[in-house]
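The values are calculated or read from the model by the stated rules, or taken from the named source; none is laboratory data. What you are looking at is a predicted structure, and each value in this text was computed from that prediction instead of being measured. Ideal geometry is used to build each Cβ from the backbone, glycine not excepted, and the neighbour counts take in all protein chains shown. Surface areas here come from the heavy atoms of the whole protein model, side chains and all, with no ligands, DNA or RNA. Shrake-Rupley method; radii C 1.70, N 1.55, O 1.52, S 1.80 Å.
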Amino acid sequence: MQQAIISVWVRDPRIQNNDFWHAYLDYEVCLHTDSVFFTRKTSRVRRRFSEFVWLRQRLQANSMLMAQLPDLPPKNPFFSLNNAQQISERIAGLQKFLEQILQSPLLLSDSCLHLFLQSQLSVAKMEECAAGRTHYSVAQAVQCCGIRRFLSQEDLQKDLSMSGDSDSDSSECRDVEGQTNKASSDLMETKQEPCVCPSSVSP
């Protein structure tokens, strides 16, 4: 059997927030795969360093120490948003971290990983969704990530209701139609929030 392809890239660092004291970098995380572990075969989201830290903590806790997780690039107290070399080194470290995680079948089954890679939910919303405390499922959150955030709610609902025709989505996403109104409303509301951790968390 041919081994599944899972390719991930971390790129395009951008400074967020105009306030100097609360500015931080986030990065585009792109995924391309033919693995059965993933509902969406291509995706791109933006994540900041503190969200990578959260992901590692959640994966470690959920795996109950059965998986040896790779290290993240060290947090540098002198990290500068304007230092190209430091940013480049961090990007390389973050990409290596994800590449190693995606080699573990145990970690690939973790819903937190899927929400991190394929949704724009904040850390708080990812926690709630993974714990089943939201009106939308993990599959719905992932599906909505593929629908551009500037679509109207009416367009979003239409896309969700037609998701069963998509070759790249599993049959699990086809159950979304019956819950579209509430789930899409919640997810659209989430899209209007910053898709990052609170600004009080340093980059």
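Remarks
- Here the calculated FRET efficiency for Gln100 and His22, from their Cβ-Cβ distance with R0 = 25 Å, stands at 0.20, rounded to the nearest 0.05.
- Accessible surface, per residue, of the range 28-82 when the full set of protein chains is kept, probe 1.4 Å, Å²: 54 Å²
- Solution diffusion estimate, µm²/s, Stokes-Einstein, the range 1-106, Kirkwood Rh from C-alpha pairs, 25 °C, viscosity 0.890 mPa s: 162 µm²/s
- Split the accessible area of the range 102-149 by element, probe 1.4 Å, and carbon with sulfur accounts for 48%.
- Percent carbon-and-sulfur accessible area, the range 1-70, ignoring ligands, DNA and RNA, probe 1.4 Å: 52 percent
- Highest to lowest packing among 126-138, 3-15, scored as the average C-beta count within 10 Å: 126-138, 3-15
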